[in-house]
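One structure is given here, and the rest of the page talks about it.
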Amino acid sequence: MNYLKQMLCGLLILASSAESYAQPHYKIGISDSFQPFNYRDAGGELKGFNVDIARALCKEMQARCDFVVTPFPKVIPALEEGLIDFATSNFLITPERAKRINFSAKYYRSTTSLIGSLDSSHQSPMAILSDKNAVIATQQSSAQANYLKANSQVQIKEISSIGAGLELLRQKKVDYLIAPTLFALNFLQKSENVNLDFIGNPIDHPDLSGSVHIGISKHHPQLKEKMDHALNAMLVNGQLRAIINQYFPFDVY
């Protein structure tokens, strides 16, 4: 009888140990609306820079992960509500966002540009931003949308995704689009968009450029340290830059 009790106790201890070291399971928020960051291929599979970053992170953290397709304006609320655990959604850190979610270390750097017709590419972005007649598309809830509201006199057309804004621009339903430069670069390289171009240089403002981070739910305060460790390991072993080089023609780290 004593032997049986000892064996049962041993099994309980093993079960408890196995549970404590169980593989973590994370839900990743990501959109599927724009190449080369996140999109679906012909077979419906999620692809892109942010998808590959997320998968590499999960492997480095020895975690099991599932993607939850989430439009950008709904990402922060989903993190707050615990519907997702983290999101590779190209976040610039702002004081308002930092009150609501945590952020990883950077995984690339971003700038912001105006995009418009080829014949207006010589214009100054700042001159355009002071034009009350200019109609500029911007993604809802983005740093670019907040910047326009605070620093311009233009007519603002808020849209659900950058892809939708680029389509409006191509159809001449807006005059310009303001967006992260790397998002627009892929679009402008397509042959059907030869009549569009960047307007001047990227806009020089601290709210529109800088390091880009992964958003993390405050429900998982320990996840930031774990993710930062994984990102650093990917930087040291060359995996982070290998993913960057796969998608972009220059170093964006």
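FYI, it's all coordinate maths here, none of it is from the lab. If you're wondering where the values come from, they're calculated on a predicted model, not measured in any experiment. Every residue, glycine among them, receives a Cβ derived from its backbone with ideal geometry; neighbour counts consider all protein chains shown.
Structure above, values below:
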item	result
Candidate values [x] 56, 41, 33; [y] 89, 34, 32; [z] 47, 41, 40, label of the one derived for Cα extents along the principal axes in Å	[y]
DSSP beta bridges in the range 19-111 [antiparallel fraction, %, rounded to 5]	25
Ascending count of other beta-carbon atoms within 10 Å, so fewest first, for TYR107, TYR253	TYR253, TYR107
Charge dipole magnitude, Cβ of K and R +1, D and E -1 - the range 112-199, Cα centre, debye nearest 20	160
Net charge dipole size for the chain [Lys, Arg +1 and Asp, Glu -1 on Cβ; Debye, nearest 20]	420
Shape call, the range 184-253: gyration tensor on alpha carbons, a/c limit 1.5	prolate
Student exercise, the range 74-224 dipole from Lys, Arg, Asp, Glu Cβ charges, in Debye to nearest 20	320
Candidates ILE216, ILE128, ILE115: whichever shows maximal mean-square fluctuation once the chain is modelled as a Gaussian network with Cα springs under 10 Å	ILE128
In degrees, nearest ten, helix 223-236 long axis to first principal axis of the chain (Cα)	70
Beta bridges by DSSP in the range 94-214, antiparallel share as percent, to the nearest 5	65
Residue order, fewest to most beta carbons within 10 Å, for HIS122, HIS213	HIS122, HIS213
For the range 140-156, 3J(HN,Hα) per residue [Karplus equation, 6.51 cos²θ - 1.76 cosθ + 1.60, θ = phi - 60°, Hz, x = Gly/Pro]	4, 6, 8, 4, 5, 5, 5, 5, 4, 5, 8, 10, 9, 10, 7, 8, 9
LEU196 long-range amide H proximity, modeled H, under 5 Å	LEU118
Estimated vicinal HN-Hα couplings, Hz - the range 187-198 in sequence order (Karplus 6.51, -1.76, 1.60; Gly, Pro = x)	5, 5, 7, 7, 4, 6, 10, 5, 8, 10, 7, 5
Whole-Hz couplings from phi, Karplus 6.51/-1.76/1.60, listed for the range 123-138; x for Gly and Pro	6, 7, x, 5, 5, 5, 5, 9, 8, 5, 8, 6, 10, 10, 8, 8
Mean separation of Cα contacts under 8 Å (6+ apart) over length of the chain, as relative contact order %	26
